[in-house]
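None of the figures in this text is laboratory data; all of them are computed from the coordinates on show. The model shown is predicted, which means the values in this text are computed figures rather than measured ones. Here the Cβ is made from the backbone with ideal geometry for all residues, glycine too, and neighbour counts use every protein chain on show.
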Amino acid sequence: VLAQINNTPAPQPMPGTLGCEKPGNIATSNRDSNYPVHLQMFYDILYYALKSDRTRVSTFLHASENTSMPVRYVQGISQTNSSWHARSHYLTPGYSDDGSNPISTDLNVLRRDYELLISWHHAKAAEFVKRLKATATPTGNLLDECLVTWGSNIGESTGHDISNLFWTVAGNGNGVFK
């Protein structure tokens, strides 16, 4: 994505504007269709900010678990019109955020779909970590100089349980953590 941006001449501002124009190749009418592209763009921005030492601290929310955005972007999910939030209630067969797109009543399908969704998001974070590790620095690699964490704000989502949270930590914060 950044390579495309770097090779594209800067658009000239329209008369009477400040020069900030919405990119023409990103649809906004169907936000979920471009979600993987948007997510990768955020990871790219963060990567280049860390690589160029423009920042040392960042927070980044993939997507709110409470979003009503359908999860069409995850390959293999059985019901693509259901939201992340509805899928998190996999122990409540037929759950729906708004009554229009209830999830399956098959507990095996629900659990598999939820695992696919969570795995997809964790794989994106893991790809970012691998990219940091593959980037050489004078003292090792970029991951050695960072501390990356990701996880969830909820344990068992059907009951909104906040115990047994899953968190992953990668990197050593420039030697601070071992």
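I need two numbers for segment 115-175: Rg to one decimal and Dmax as a whole number, Cα atoms only, in Å.
Both quantities, over Cα of segment 115-175: 14.3, 48 Å.
Mind ordering 169-175, 83-89, 39-45, 134-140 by average Cβ neighbours within 10 Å, highest first?
For the peptides 169-175, 83-89, 39-45, 134-140, the packing ranking is 83-89, 39-45, 169-175, 134-140.
Using a Förster distance of 30 Å, how high is the FRET efficiency between residue 42 and residue 162, based on the Cβ-Cβ distance and rounded to 0.05?
Efficiency, from the Cβ-Cβ distance: 0.70.
Hey, what do the phi angles of segment 108-125 turn into as Karplus ³J(HN,Hα) couplings, whole Hz, using 6.51/-1.76/1.60 and θ = phi - 60°, x for Gly and Pro?
5, 5, 4, 5, 4, 4, 5, 5, 4, 5, 5, 4, 4, 5, 5, 5, 5, 5
Apply the a/c threshold of 1.5 to the C-alpha gyration tensor of segment 42-142 and tell me whether it is rounded, prolate or oblate.
It comes out prolate by the Cα gyration axes.
What does the charge count near residue 119 come to, summing +1 for each Lys or Arg and -1 for each Asp or Glu among other residues with Cβ under 14 Å from its Cβ?
Combined, the nearby Lys, Arg, Asp and Glu give +1.
FRET efficiency for residue 122 and residue 53, Cβ-Cβ distance as r, R0 = 22 Å, nearest 0.05? Each step should come with its number before you reach the end.
Details: r = 27 Å, r/R0 = 1.24.
Efficiency at R0 = 22 Å is approximately 0.20.
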